[in-house]
Amino acid sequence: MTTDPASTLDDVRPARLGPRRIWPRRLAIALLVAVVLAGAAGFLGVHSTSRTATVGRDTLTVEYASIARAGLDAPWTVTVRRAGGFDGPVRLAVTADYFDLFESQGLDPEPAAETADGRLLYWTFDPPPGEEFSVDFDAYIQPAAQWGAGGEISLLDGPDDSAPSVTVAFSTWLVP
């Protein structure tokens, strides 16, 4: 039997070669379903963690996104507890590079004063009433952020406010 060179049957797989392998397609569909289910269950979203350290009468707690994705809101809250209350300003020093991950909406409350030395950001807050002070960083992960970052926050104390009273380390890992 001869076929016309312009026939649409020229590229049809001959029956003698049998059906195409179906396992690669099944594996690809299973992988796609697994990714969709993981996303629907929240495994690919933001996961927050908190770290706490106590030295003397000071307790410093940081709640932060340990795992996040670009474009999503990420929590970052610092809480300072001081037995007996605060008799002066609250001074915090935090690793500046960590905040390169974020598009910032600002701090709440805003610091009364802030400065930086290239490695650290220094924030000074008016003393709160009572024994607890909390500051929130309203931000989301930059769309261009790829890997994540880590940092430390310290409550500064002492006569010249340069000695850390208590320090907490934290890190955020980004997933695609």
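The values are calculated or read from the model by the stated rules, or taken from the named source; none is laboratory data. As the structure is a prediction and not an experimental result, all values here were calculated from the model. Methodologically, a virtual Cβ is constructed for each residue, glycine included, from the backbone with ideal geometry; neighbour enumeration extends over all protein chains shown.
Identify the residue in the stretch 140-162 that is part of a strand (DSSP E or B) and closer than 28 Å to Arg69 by Cβ and, among all such residues, is modelled with the lowest pLDDT.
To start, the set of residues in the stretch 140-162 that are part of a strand (DSSP E or B) comprises 140-141, 148-157.
Filter once more, keeping what is closer than 28 Å to Arg69 by Cβ: 140-141, 148-153.
Details: Tyr140: 86, Ile141: 90, Gly148: 89, Ala149: 92, Gly150: 94, Gly151: 94, Glu152: 95, Ile153: 96.
The residue in question is Tyr140.
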- Note on the structure: Output for Cβ contacts, cut-off 6 Å, separation at least six or different chains, first residue without any contact (Cβ under 8 Å) to a residue 12 or more places away in the chain in the stretch 112-133, second of a type in the set (Val, Ile, Thr) and in a loop (DSSP other than H, G, I, E, B), reads none
- Query: Is there a residue being acidic (Asp, Glu), surrounded by 13 or more Cβ atoms within 10 Å (Cβ to Cβ) and either in contact (Cβ under 8 Å) with a residue 40 or more places away in the chain or at negative phi (or both) anywhere in the stretch 74-93?
  - Reply: no
- Item | Looking only at the stretch 47-68, and only at residues there that are of a type in the set (D, E, K, R) and at pLDDT below 95, the one that is nearest to Asp138 (Cα to Cα) | Asp58
- Query: Given the structure, is Ile67 closer than 23 Å to Ser48 by Cα and touching a Gly at 6+ places or on another chain (Cβ under 7 Å)?
  - Reply: no
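Select the strands (runs of 3 or more DSSP E) contained entirely in the stretch 26-105, then report the ones holding at least 3 residues which are farther than 22 Å from Pro127 by Cα and within 13 Å of the chain's Cα centre (by Cα).
Working: elements: 47-55, 58-69, 76-82, 90-95.
Qualifying strands (runs of 3 or more DSSP E): 47-55, 58-69.
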